[in-house]
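Here the structure is laid out as structure tokens; the discussion comes afterwards.
Just so it is clear, none of the values below were taken in a lab; they were calculated from the coordinates. Note that this is a predicted model, so its numbers are computed, not measured. Here the Cβ positions follow ideal geometry from the backbone for every residue, glycine too, while neighbour counts run over all protein chains shown.
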Ligand code: NAD
């Protein structure tokens, strides 16, 4: 595998296909803003070929012995680990995150494949109680060919979160990773093929997102649509999927509240929350963002947060000293600047950062204090390196604030009080609640939102089930 972006291709109908005659789109290095490659866009004919292959691939793969399927998934995981450095470098170059995070992402993808390789072998059903001589059973079967539409913030890991359970369940897949990050996702995809995945079982396409998703979802071949991305795009895809009554998993945006109570260990908490806020430059759907801090420690929290933020080395993710890289694409710094300017115009105080960088797609790590509730950023996820803070007086007030938005993906709380931790776990409206921890995205646990943050889960047995249909067979 090479470390460059020179020859980006599609993988359709068993062959890697370059750009001849196809439209292409530029791939940028967000640390510099330079164009580093052109990615070929799939034509309607390419998509039809991918659909036909996925249709054939499903018949082949669902009939493949489950142990063989598991062995291929394990082998793919091993290749991902072997190639983590090379894949990580591609990822950093086209997405911007620091190299250590990029490599960790590839290891996370490998773990996902190992976990689902095992889960594939536990696709148990049920035997119902019936009179002697009669038998009723419930079995799970793969749903069918899947359209997997994944985003640019964790291009390898979030693609793995779809492909690993889908392939484990016996589905074929057409993957459309984001056009911003084609090289790292192609290198990841090659691990599957090199591990022995039959060619028709997985296809890899890039293109104009709306054209590709419309084409795939309209086809009767596709039985399931899995999307990770923004709420508006999720709603749009749900409407398209409704036309064919397709199953969907929608992992959409959030706006994670973090409740900080006066009894927490403040230094330890700050040492956890600041790096977590600025991980991947804040482009994380479960990024801690709305900080509600109990009044007695509010000033100390702001001081400690601002001090730690000021020390964060910003730069090219390839530089080992860097702790936060640029944003992943050109449109994000402007979107974040607009939210920050709106908040300060309405009275918020910028205690750190607040400005975009002078080159590439950088935005300074930013801390806003006393942010009024009518500021746009209190309701619209910044999806960038901005923390917004307010103080609170009572736990009930904090819970009310945590639950005030129509989103519910992740929420966090820091407290040493066990009774309070229980109450928060029960009362917060979110798919995942982390208490004194941010470790909420793991292979064996469901990950997904409530309210407009989506529905369905990735990860855990729930993630596997989402690629299965149930069938009840009754025999008298
Ligand atoms: P966007 O709404 O333009 O796109 C979001 C994602 O959806 C991108 O990956 C894009 O390629 C894809 N997309 C857009 N239109 C599509 C279509 N018609 N069919 C299929 N895919 C389509 O937003 P953006 O500027 O790329 O990202 C910013 C917002 O997206 C953030 O505010 C955040 O809420 C959300 N986002 C969420 C996640 C997540 O992990 N849940 C990941 C990336 C982006």
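Observations on the model:
- In the calculated pair-distance distribution of the range 142-246, the portion above 20 angstrom amounts to 33 percent of the Cα-Cα pairs.
- Taking 437, 322 and counting other C-beta atoms within 10 Å, the order from fewest to most: 437, 322
- Only helical runs count toward this figure. For the chain, summing -39,500 (n - 2.57) over DSSP H runs of n ≥ 4 and dividing by all residues gives -12000 deg cm²/dmol at 222 nm.
- Spatial offset of the range 246-287 relative to the range 369-423 amounts to 10 Å, using the alpha carbon center of each.
- DSSP finds beta bridges in the chain, and of those with both partners inside it, around 45 percent are antiparallel.
- Judged by the mean number of other Cβ atoms found within 10 Å, the most tightly packed of the peptides 417-428, 387-398, 166-177, 255-266 leads the ranking 166-177, 255-266, 387-398, 417-428.
- Sorting 112, 432 from the fewest to the most surrounding beta carbons within 10 angstrom yields 432, 112.
- The ellipsoid that matches the Cα gyration tensor of the range 353-476 has semi-axes, each √(5λ) in whole angstrom, of 34, 21, 14, with the longest given first.
- Comparing the chain with the 2.2 N^0.38 Å rule of thumb, its C-alpha radius of gyration ratio is 1.00 (two decimals).
- Mean separation of Cα contacts under 8 Å, 6 or more apart, over the residue count of the range 362-403: relative contact order %: 43 percent
- Shape of the range 415-459, Cα gyration tensor, a/c cut at 1.5: oblate
- Sorted peptide list for 43-54, 334-345, criterion being average Cβ within 10 angstrom, highest first: 43-54, 334-345
- Inter-label distance, nm, simple model (7 Å from Cα along the C-beta direction), residue 321/residue 214: 5.0 nm
- Beta-bridge orientation, the range 257-442: approximately 15 percent antiparallel, per DSSP, counting only bridges with both partners inside.
- Set against the 2.2 N^0.38 Å expectation for a compact globular protein, the range 257-442 has a Cα radius of gyration ratio of 0.97.
- For the chain, the relative contact order comes to 18 percent (Cα pairs under 8 Å, sequence separation of at least 6).
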